[in-house]
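Each remark here refers to the structure printed beneath this line.
The values are calculated or read from the model by the stated rules, or taken from the named source; none is laboratory data. Everything quoted here is computed from the prediction, not taken from an experiment. Neighbour counts run over all protein chains shown; Cβ positions are idealised from the backbone, glycine included.
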Amino acid sequence: MYKIFIVEDDKGIADGIVSCLGNWGMEGRPVSDFMKVIEEVNEYEPHLIIMDITLPYMGGYHWCQEIRKTSSVPIIFISSATDNMNIVMAINMGADDFIAKPFDQSVLIAKVTALLRRTYDFSQSSATLEVGGAVLNTNNNTISFNGKEADLARNEYKILLTLVQNKNKVVSREKLMEALWETDSYVDENTLTVNVGRLRKTLESIGLKDLIKTKFGVGYILED
């Protein structure tokens, strides 16, 4: 059974999420002490975290950064602050997805199950893929180039893998969103843009500048 940790200070919303998850065969546990989020995460060892941005004492951004120091557990932010800046901040802080309040329970379940599926059920091959002089290692989600290596976050890896598998072809934004979230029905396009931006910065850190090119109005292309 998947365990979902809920960091939400509105008890009604938190209890509603627990009930909804239970209906889909998942276990939900709300945080009990907003000063001890890290301790409770480490004790519970959840498969996924649902976290509000505005919280007592420390905000969701703070806790996301702290969690990311030791864990790659998937994190979904929920917030009524739905402007582009908050979405960008959420992704840059290490979140995997963002849901705007108020949300339909079907949207929540769709995002949770898709994220769990791609995190824990995705079977990686043992091959390495080459493109543009770089090597993508599908065993450990790293990219290497000229003796330098960078770790890829989950979404960065999925984007790059899709582009490498379709190298020299334009990959539409819709196809990338489907590869990331297995649906494009509930995804804000800004979320994809932010993830591509993060991937580009990671690639630039090892000397791979302009490896991914934008085809405006269409999508992206990775040319060998």
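When you check MET51 against the structure, is it surrounded by 22 or more Cβ atoms within 10 Å (Cβ to Cβ) and in contact (Cβ under 8 Å) with a residue 40 or more places away in the chain, yes or no?
Taking the combined requirement at face value, the residue satisfies it.
Which residue is modelled with the highest pLDDT, if the candidates are limited to the range 181-200 and must be among the polar types (S, T, N, Q) and crowded, with 18+ Cβ neighbours inside 10 Å? Walk me through it before giving the result.
Taking the range 181-200 and keeping what is among the polar types (S, T, N, Q), we get 183, 185, 190-191, 193, 195.
Subset that is crowded, with 18+ Cβ neighbours inside 10 Å: 191, 195.
On the way: THR191: 80, ASN195: 89.
The qualifying residue modelled with the highest pLDDT is ASN195.
Can you name every one of the strands (runs of 3 or more DSSP E) wholly within the range 1-70 that holds 2 or more residues which are under 21 Å from GLY94 (Cα atoms) and aliphatic (A, V, I, L, M)?
3-7, 48-52
Could we say that ASP15 is among the acidic types (Asp, Glu) and either in contact (Cβ under 8 Å) with a residue 60 or more places away in the chain or closer than 30 Å to THR193 by Cα (or both) here?
Here the answer is no, as ASP15 does not meet what is asked.
Go over the candidates LEU208, LEU203 one by one and state the one that is at pLDDT 90 or above and part of a loop (DSSP other than H, G, I, E, B).
Answer to the check: LEU208.
Specify which of the listed residues (ASP97, ASP15) is out of contact with any His (no Cβ under 7 Å at 6 or more places or on another chain), among the charged types (D, E, K, R) and farther than 21 Å from ASN155 by Cβ.
Checking each option against the conditions leaves just ASP15.
Which one is surrounded by the fewest Cβ atoms within 10 Å (Cβ to Cβ) among residues in the range 133-173 that are of a type in the set (Asp, Glu) and under 18 Å from GLY94 (Cβ atoms)? Don't jump to the end; show me each part of the working.
We begin by selecting, within the range 133-173, every residue of a type in the set (Asp, Glu); these are 149, 151, 156.
With under 18 Å from GLY94 (Cβ atoms) added as a condition, the list becomes 151, 156.
Values: ASP151: 12, GLU156: 21.
Checked the range 133-173; the qualifying residue surrounded by the fewest Cβ atoms within 10 Å (Cβ to Cβ) is ASP151.
If a residue counts only when it is at pLDDT 85 or above and farther than 27 Å from TRP63 by Cβ, which helices (runs of 4 or more DSSP H) contained entirely in the range 81-180 have at least 2 such residues?
The helices (runs of 4 or more DSSP H) meeting that bar are 154-165.
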